[in-house]
Structure formats: C-alpha cells, structure tokens
Amino acid sequence: MANVYWKQEKKKGLSQEELANSINTKAPVIGRYERDEMKPSIEAAAKIADMLEVSLDWLVGNTDAELNKKNIKRLLDIEKLPEHDQLNIFYTLDNLIKAAKISMM
C-alpha cells in the first residue's frame, strides 16, 4: 500500500500537504502512510480514497482493479435499473469488450 498514495498523489497532481489538508492531518502523517510506518484509520482511509478518486478496496490492496469514481458511479447507476435493462447493458458491454480484445490481437 505504501506506493499507492504516492502514485495517486502524482497522478492527481496533489502534494502531501494538499492530501493531508483534505483529511485534516499533516503532511508528515501522509509520508508515514506512504512508507508503511503507520496505517490510517478507516475514516482517514475513506477520505483519502475519496480525495484520490479511487475505491477503498483498491487503496488498501484488496483488489488490483483501480476503479475510479466515474466508473463506480456508472456501475451504481446500472445497479439501479430494472434487471432486464441491466442484462441488456451487460450483454452489450460484454460483446464490446470481447470485440476490443480481439482487435488488440
């Protein structure tokens, strides 16, 4: 998890100070998180994930899939639709993914 913060900070153009301010802490604390010298509380980790626009699961290493907030929102929007519509959307999406993978070969 140590490099995750640093990579996402750079990707988002954030400094340790900016990230620290967003979760009401100090930059040295973010540095300690980055070096795995200490672990954030669940509340702090959730705020960090929100600020970095990644899932909490990805941030804590429970998944390799870096889902950003935009994609998570899209999935949640689909989940709110009737099952028939969900099936149609995922059927179409599955076929588009399959076609993209074939074109990459």
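The values are calculated or read from the model by the stated rules, or taken from the named source; none is laboratory data. Please read all numbers here as calculations on a predicted model, not as lab measurements. Reconstructed Cβ throughout: ideal geometry from the backbone, glycine too, with neighbour counts over all protein chains shown.
Against the conditions (1) more than 27 Å from Glu17 (Cβ to Cβ); (2) of a type in the set (D, E, K, R); (3) at pLDDT below 90, Asp77 satisfies every one except (3).
In the set (1) surrounded by fewer than 13 Cβ atoms within 10 Å (Cβ to Cβ); (2) at pLDDT 90 or above, the condition left unmet by Arg35 is number (2).
Given the options Ile78, Ile48, name the one that is of a type in the set (Val, Ile, Thr) and either outside any helix (DSSP H, G or I) or outside the structural domain of Lys11 (by TED's automatic domain parsing) (or both).
Details: Ile48 fails: either outside any helix (DSSP H, G or I) or outside the structural domain of Lys11 (by TED's automatic domain parsing) (or both).
Just one listed residue meets the conditions, Ile78.
Each residue in the stretch 81-105 was checked for being assigned to a helix (DSSP H, G or I) and either surrounded by 11 or more Cβ atoms within 10 Å (Cβ to Cβ) or β-branched (Val, Ile, Thr) (or both), and 10 pass.
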